[in-house]
Each structure stands twice: as C-alpha cells, then as structure tokens.
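A.B. asks: Structure in structure tokens, see below.
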C-alpha cells in the first residue's frame, strides 16, 4: 500500500494544499541551518528509498512546521529584501600573472575590508563568488551605507601593486529563500545590475531607490544619476525592459 502510485499521488496532491512549500524535502529546501531542515535531512536518510506515502506524509508534516516558523519570523521569509552583488574590476587579468599565493592574500584582504561593514549593518553574506559576493539586507538604506563604507575600506587594500576596485549592484525585491541561498528573478536582476557597474561604479535599480528613506542619500552625501551605458556597450541582458537604473556617486 505504501508504494501504490495512486496513494502516493493523492498524498502529494494533499501536500500542495498544505501551508508551506509542497516541494519541501528536496536538497534545496533542506540546505542550511534550522531544526526543521535538519530533521528533514535526517528523515530523507532514514525513510525508505523511492516514492512512498509514508515519506510524503512525514515531509508534509515538516513542511507545515517550517511554514509555521516562517509566519512567526523564524523561518524563510517572503518579505522585501535588498540584494547586493559585488565584483572586483581587473581581478582576473591580474591574478593570472600574480599566482595563487598573492591571489589568496588579496582575497583575504578584500574579505576583511568588505564583509565587516556588511555584517555590522545587518547584512547576510549569502555566498562568496570568487572575487565578489552576494548579500541581502532587510533595509536598503543599510545596504547602501555598507557598500560605500566597504569601498572606502577597500581603497586601502594593495597587493603587489594591484589596487582592487569594486563594482556593485543593488536591487530590491522579493526573492525566495531556500536553505542558505536566495533564488528567483530578483536575484538575477541584481547580478545584472552589478554588471552595469562596468569599471567600478555602484549601480542601483529604481526599486532600491524607491524603497529608500528620502533623506538617506543626502545624509550619506550621495547623488543618484540615471544610468547611461556607453555608446558601444551592449544593452544589459536578463533585466526587464522597463527597469530603470541609477549610478550612485559622492
């Protein structure tokens, strides 16, 4: 009975009507910290291999538990966050000639300069991406403040004559958190906004500027001017046609 396809399909349909993610139990949704996710990982190892009604019922119970935690603010949220992507300009070419030891030393220096301002302002460093990182902030103003302090600290970093410059993209939206990672269209948009930073600019989408307190830029001594790509630069890919972007400068 436990493995009858009709019964398994019926339980899966019931899971779609329950609160939470009906796919809870896959590797993406069980990654990261939290008691429910840990139990789901254990359950996945202990329960019988292959599809089974008992497995679906067990994961369905954990699914509802996780959904209840999310509603009380202790699980995956669905609210608005500001996504930040960073990247070093000229890093790839320099690292080819510098070698591994110098490259690792530089990356440690960069991390020491960039990450503390992010964490101090409530940012979550989601992942390191070689010479850059992805982070999320609950408040866009703190994200902007962290970015410019990080750039100030980075200006003091030098390794074998190379002074790294950082381009940054900020976009505010409602991505979906799965485990320790964040996925969705808004994450892709934020990465593309960063690419518009070209040779070391800070670029923010209109969504981020609209979410800022009106006095934030003035308080930080910043100006926002409409982003204009170079005459021969290709149009940004992977962003909505109507997305407006702005370069933030001092």
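The values are calculated or read from the model by the stated rules, or taken from the named source; none is laboratory data. Since this is a predicted model, take the numbers as computed values, not measurements. Cβ coordinates were reconstructed from backbone atoms using ideal geometry, including for glycine residues, and neighbour counts include every protein chain displayed.
A.B. asks: Confirm whether residue 98 is without any contact (Cβ under 8 Å) to a residue 40 or more places away in the chain and surrounded by 13 or more Cβ atoms within 10 Å (Cβ to Cβ).
C.D. replies: No: the conditions fail for residue 98.
A.B. asks: Could you tell me whether residue 134 is buried (at least 20 other Cβ atoms within 10 Å of the Cβ) and either touching a helix residue (DSSP H, G or I) at 6+ places or on another chain (Cβ under 7 Å) or under 15 Å from residue 89 (Cα atoms) (or both)?
C.D. replies: no
A.B. asks: Just to confirm my filter: which strands (runs of 3 or more DSSP E) fall fully inside region 139-250 and include at least 3 residues that are modelled with pLDDT under 95 and assigned by TED's automatic domain parsing to the domain that holds residue 122?
C.D. replies: Those strands (runs of 3 or more DSSP E) span 176-178, 181-183.
A.B. asks: A further question follows. Select from region 172-206 the residues that are under 27 Å from residue 109 (Cβ atoms) and in contact with a helix residue (DSSP H, G or I) (Cβ under 8 Å, 6 or more places away or on another chain) and write down the one among them that is surrounded by the most Cβ atoms within 10 Å (Cβ to Cβ).
C.D. replies: The residue in question is 204.
A.B. asks: Going through region 112-121 one residue at a time, which ones are loosely packed, with under 14 Cβ neighbours inside 10 Å and either closer than 13 Å to residue 147 by Cα or touching a strand residue (DSSP E or B) at 6+ places or on another chain (Cβ under 6 Å) (or both)?
C.D. replies: The answer is 119, 120.
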